[in-house]
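Input: a single structure, listed below in structure tokens.
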Amino acid sequence: MSTNLRPLVIALGLLAIWQAVVWLSGVPPFILPGPGLVSAKLVEDAPLLLHHAGVTLSEILLGMLLGTFFGSLFAISMVLSQGLRAWLLPLLVISQAIPVFALAPILVLWLGYGLASKVAMAALIIFFPVTAALLDGLRRADPGQLDLARTMGASRLSTLVHVQLPAALPAFASGLRVAAAVAPIGAVVGEWVGSSAGLGHLMLHASGRMQIDLMFAALLVLAVIAIGLYALVSWLGGRLTPWRSERDR
Amino acid sequence: MSSNMDSASASYTDTHPPAPALEIAGAAVVFDGEELFSGLDLTLEGGRITCLLGPSGVGKSTLLRFIAGLAEEASGTVRLSDGSAVAPKLAYMAQHDLLLPWLSARDNVLLGARLRGQTPDIARAESLLADLGLADAATLRPAKLSGGMRQRVALARTLYEDRPIVLMDEPFSSLDAVTRHGLQALAAERLKGRTVLLVTHDPLEALRLGQRILLLAGKPAQLREVAPPAGPPPRDLQAVGMGEAHAALMASLQAAKEAQ
């Protein structure tokens, strides 16, 4: 089957299963609305959904930028300096040991109901996967190539730029794919704890008013954002590492 | 450094002052808590190919890495007969091509210049590649090249560095016999006039290329001279006396291996 058609077939299959569950179980629409009802809601409330989707998407994107920036900074510092690594590694582990969800109320308290607390949540949740992936990639550079660079009179920095960073790109791209998948979770959890806009906020309010079809519509939009982001990051990763696809001859 | 298109195939001695000798004194290296050798003295005559043979694990590669300044837990001195610093005068070629998979053949040849922040001499890199029969491969990435082609790119990268001292660690050992034979001749030709230390486990390679042959054996390892065949490298393996020389060298290697 063509790889272009496969996602479409999977999406249609899931919709069919959803509709089948609605029909076979006889669950009333205020518990589980069918795809038809939710589609109607998607169209009817499109401006509302788009507005909140825009807020959530900005939180996710800003969080990814921030988390990737600090994650890369952390990983590169750890590779450049043994001394720094001894200090930063425990910090990295601690950053992962504290459940980010438990931090959500504190972040909302500190940073307010606006964008900042959700950006911080998304950044925190992707910090560990991004840092760990890049660190792993940087440390997996071929020791022979590093030796060669040394005999060529390369400085630490130029070795990093010309040898280690390109070698780490595939691992870094994997880290970013994980980040794209989990960043929306961070943003939405942040919105649930306290917010005035965003898809998480919309879902919470819809749930309070028993607007179950709106909840599902928001959920669908969120899924589309997450999948789109993942596909984009995957595609970018592939574009940045073209030599990987030709490795196996 | 000349960007003259003819420089690629010209002999080193035509365009450079004679390559200095490399003097190693009191070399001692500990590897995995074990002393591989200590108090090792060796002078590599300038402008000649010295082949270093020995059983595996004896410390051939480690001696090479020591000279290149890559060995940890090492002591001893390495100096050049002209008194200049060693590191900027040497080029290193390993068993694996060590090509960066994301760079084209040409950019791999230019790696040293990029790493040192120098302006890459693209014309020279291309003429070196063309000279080694890789004119059409300059823009291809390593994954698109055969093993022999990759090692030729590595040779071009070594030649681009244009250093009087060249250290080679079994550079042909991962190639098939035919490719290896061709590349040995090519390397001997292009490295003529430089001070070369070639580590190998192949006695035929040493007989073919070595103007001096050394056997590293024992624990801690010591060096022993083996008389090289007459004539300039690359030598014809069918020549009279090659068979006897090979048999004698094999016997020495065998004895060295049993003494391990």
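The values are calculated or read from the model by the stated rules, or taken from the named source; none is laboratory data. Not measured: the values here are computed from a predicted model. All Cβ positions, glycine included, derive from the backbone under ideal geometry; neighbour counts span all protein chains shown.
Residue pairs whose Cβ atoms lie under 6 Å apart, separated by 6 or more positions or on different chains, with the first residue in region A:167-183 and away from every other protein chain (no Cβ under 14 Å) and within 10 Å of A:PRO129 (Cα to Cα) and the second in a helix (DSSP H, G or I) and among the polar types (S, T, N, Q), are A:ARG177/A:SER234. Restricting attention to region A:58-113, the residues being in contact (Cβ under 8 Å) with a residue 24 or more places away in the chain and under 24 Å from A:SER158 (Cα atoms) number 10. Among the residues of region B:102-116, the one identified as in a loop (DSSP other than H, G, I, E, B) and more than 20 Å from A:LEU157 (Cα to Cα) is B:SER104.
Among the residues of region B:221-233, those identified as over 21 Å from B:THR62 (Cα atoms), in contact (Cβ under 8 Å) with a residue 12 or more places away in the chain and surrounded by fewer than 18 Cβ atoms within 10 Å (Cβ to Cβ) are B:ALA227, B:PRO232. Of all residues in region B:78-88, one or more are in contact with a Pro (Cβ under 6 Å, 6 or more places away or on another chain), at pLDDT below 95 and among the hydrophobic types (A, V, I, L, M, F, W, C). Answer yes or no: is there a residue in region A:191-206 that is over 23 Å from the mean Cα position of the chain (by Cα), more than 14 Å from chain B (Cβ to nearest Cβ) and either of a type in the set (Gly, Ala, Ser) or outside any loop (DSSP other than H, G, I, E, B) (or both). Checked against the condition, which is being over 23 Å from the mean Cα position of the chain (by Cα), more than 14 Å from chain B (Cβ to nearest Cβ) and either of a type in the set (Gly, Ala, Ser) or outside any loop (DSSP other than H, G, I, E, B) (or both), region A:191-206 yields at least one hit.
Surrounded by 19 or more Cβ atoms within 10 Å (Cβ to Cβ), more than 14 Å from chain B (Cβ to nearest Cβ) and more than 25 Å from B:LEU167 (Cβ to Cβ), is that true of A:GLY137? Judged against the criteria, A:GLY137 is not a match.
So that you can scan it fast, the table gives a plain yes or no per residue for (1) more than 9 Å from chain A (Cβ to nearest Cβ); (2) outside any loop (DSSP other than H, G, I, E, B):
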site: B:ALA85; (1), (2): yes, no
site: B:GLN118; (1), (2): yes, no
site: B:GLY133; (1), (2): yes, no
site: B:THR139; (1), (2): yes, no
site: B:GLY148; (1), (2): yes, yes
site: B:LEU159; (1), (2): yes, yes
site: B:LEU167; (1), (2): no, yes
site: B:SER174; (1), (2): yes, no
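Picking from B:LEU99, B:LEU90, which residue would you name as being within 14 Å of chain A (Cβ to nearest Cβ) and over 25 Å from B:ILE213 (Cβ atoms)? Criteria check complete, one pass: B:LEU99. Among the residues that make up region B:101-122, is at least one of them touching a residue at least 60 places away in the same chain (Cβ under 8 Å), under 23 Å from B:TYR12 (Cα atoms) and under 20 Å from the mean Cα position of the chain (by Cα)? Within region B:101-122 (the criterion being touching a residue at least 60 places away in the same chain (Cβ under 8 Å), under 23 Å from B:TYR12 (Cα atoms) and under 20 Å from the mean Cα position of the chain (by Cα)), the answer is no, since none of the residues qualifies.
Here B:SER61 fulfils each of the conditions (1) in a loop (DSSP other than H, G, I, E, B); (2) touching a residue at least 12 places away in the same chain (Cβ under 8 Å); (3) within 13 Å of another protein chain (Cβ to nearest Cβ) apart from (1). Where helices (runs of 4 or more DSSP H) sit wholly within region A:12-130, those with at least 3 residues that are surrounded by 14 or more Cβ atoms within 10 Å (Cβ to Cβ) and modelled with pLDDT of 95 or more occupy A:46-80.
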